[in-house]
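Asks: The structure is given below, and queries will be raised subsequently.
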Amino acid sequence: MLDFYFKKYHGLGNDFVMIDGISSILPIDLLNIKPNVVKHICNRNFGIGSDGLIFALPSDKYDFKMCYYNSDGSKGEMCGNGLRCLIRFILDSGVHLNKDTFSIETLAGEIKAKVISENIEVNMGKPIFIPSSIPTKLKVNKLGIPYDQITIEGNKLSVYSAGMGNPHAIVIVDNLEEVKLDIWGPFIENSPLFPSKTNVHFVMIVNKQHIKLLVWERGCGPTLSCGTGACASLATLSLLGMINPRAKVTLPGGDLEVSWPNKTGDIFMTGPATFVYEGKFTL
C-alpha cells in the first residue's frame, strides 16, 4: 500500500488533485506513476475524482515545475486552469510566500504568472498556427490559420486549429445548445487530422467582447473549463476579425478574461483558483 497526502483545487470547475513534491520527498512509485494509477486516482466513483493530477516539483531553472496528467492517465504538456491552481496551491503551502510573480517549468516550456488580488494572470505564451508545431494535418488558409471542414453524421463543421503548447480544435457554431458534444467532441479529438489527438472547443460569439465555449478536453471528455482552450479560441477568432483581442470567455464553470495585446506576442489569461479540500489517499 502507498499513502500520500493531497489537496484538491478547481479553476472554474476544472478540478485537479495536487501533490506536493517540493516541501516533501515523494516515494519513487508516486513519481513514476503509471497511467492506470492516475486513472484510479482521478476516478469520481472509486478514487478522489478530478479532471487531472498535478505534481508540484522542484526546478533547476525556475521557481518550480509542473508535471500534469489527464484523467485518462496520459501526460499533458500543460494546462491553463491547472497552472492557476498550482500557483494557489504553492501559495497556500507557504512556499514562496512573499512572491507574487512566478516562472513555472512545463513540458510546453517556461510559463510566467502573476497574482492579482484573488485572481491569477498567466502569460500563456504565443499562440501557434504552424500545423507541424500544433500538430495538425489541417492546411493553412489565407489568414494563416489551419482550417478545413469535417462532416459528422451529415453535419458539416468548420474546424480551425491552434496550439498553446497543446493542440486545440476550434469550431464556431451559432447555438451551443445544438452541439452534440458527446459525439462531435470525441470524433474530432481522435480524427487523423490531429496526430496527437486534440482538445475540442465549440464557440458561440455573443458580441465583439464576449464568447461562450463548450469544452471537450483531450484525455478527459467534457470539462467545465479549459484555460488553454479559451486562449486558442480568442486568438483564432481575433485573427478572423470576429472578436476583439481582449474579451470575456464564458465556459460552463464561469468566466475568464483573455487578452492578446499584440498579435505577434504573448496571450494572457486571468481567472480564479479555489481550494476544495485536502486528505490522505491509500493506493
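The values are calculated or read from the model by the stated rules, or taken from the named source; none is laboratory data. What you are looking at is a predicted structure, and each value in this text was computed from that prediction instead of being measured. A quick note on method: Cβ atoms are made from the backbone with ideal geometry, for glycine too, and the neighbour counts reach across all protein chains shown.
Asks: Can you spot a residue in segment 136-150 that is surrounded by 13 or more Cβ atoms within 10 Å (Cβ to Cβ), assigned by TED's automatic domain parsing to the domain that holds Val258, in contact (Cβ under 8 Å) with a residue 24 or more places away in the chain and out of contact with any Leu (no Cβ under 9 Å at 6 or more places or on another chain)?
Replies: No, the conditions are met nowhere in segment 136-150.
Asks: Does any residue of segment 123-135 turn out to be closer than 22 Å to Asp15 by Cα and touching a residue at least 60 places away in the same chain (Cβ under 8 Å)?
Replies: yes
Asks: Identify the single condition in (1) surrounded by fewer than 16 Cβ atoms within 10 Å (Cβ to Cβ); (2) assigned to a strand (DSSP E or B) that Met18 does not satisfy, given that it satisfies every other one.
Replies: For Met18, the exception is condition (1).
Asks: May I ask you to list the residues in segment 222-238 that are among the aliphatic types (A, V, I, L, M), surrounded by 24 or more Cβ atoms within 10 Å (Cβ to Cβ) and either without any contact (Cβ under 8 Å) to a residue 60 or more places away in the chain or more than 17 Å from Lys126 (Cα to Cα) (or both)?
Replies: Matches in segment 222-238: Leu234 only.
Asks: Tally time: how many residues in segment 155-190 are among the aliphatic types (A, V, I, L, M) and outside any strand (DSSP E or B)?
Replies: Looking only at that region, the number is 7.
Asks: Sticking with this one: Taking interchain pairs and intrachain pairs at least six residues apart, which have beta carbon atoms under 6 angstrom, with the first residue in segment 262-277 and of a type in the set (Asp, Glu) and the second in a strand (DSSP E or B)?
Replies: Asp266/Asn123
Asks: Conditions first: (1) touching a strand residue (DSSP E or B) at 6+ places or on another chain (Cβ under 7 Å); (2) under 20 Å from Leu213 (Cα atoms). Val140 passes all but one, so which condition is the exception?
Replies: Val140 satisfies every listed condition except (2).
Asks: Sticking with this one: Of the residues that sit in segment 79-104 and are part of a loop (DSSP other than H, G, I, E, B) and either on the phi < 0 side of the Ramachandran plot or modelled with pLDDT of 90 or more (or both), which one is farthest from the chain's Cα centre (by Cα)?
Replies: It comes out as Asn98.
Asks: Which numbered condition in (1) surrounded by 14 or more Cβ atoms within 10 Å (Cβ to Cβ); (2) closer than 30 Å to Tyr147 by Cβ is the only one that Ile48 fails?
Replies: Failed condition: (2).
Asks: Taking the options Gly241, Gly185, Gly219, name whichever one is without any contact (Cβ under 8 Å) to a residue 24 or more places away in the chain and either of a type in the set (A, V, I, L, M, F, W, C) or over 16 Å from Asn123 (Cα atoms) (or both).
Replies: Result of the check over Gly241, Gly185, Gly219: Gly241.
Asks: Does Gly73 satisfy the criteria of being modelled with pLDDT of 95 or more, farther than 23 Å from Gly163 by Cβ and in a loop (DSSP other than H, G, I, E, B)?
Replies: No: the conditions fail for Gly73.
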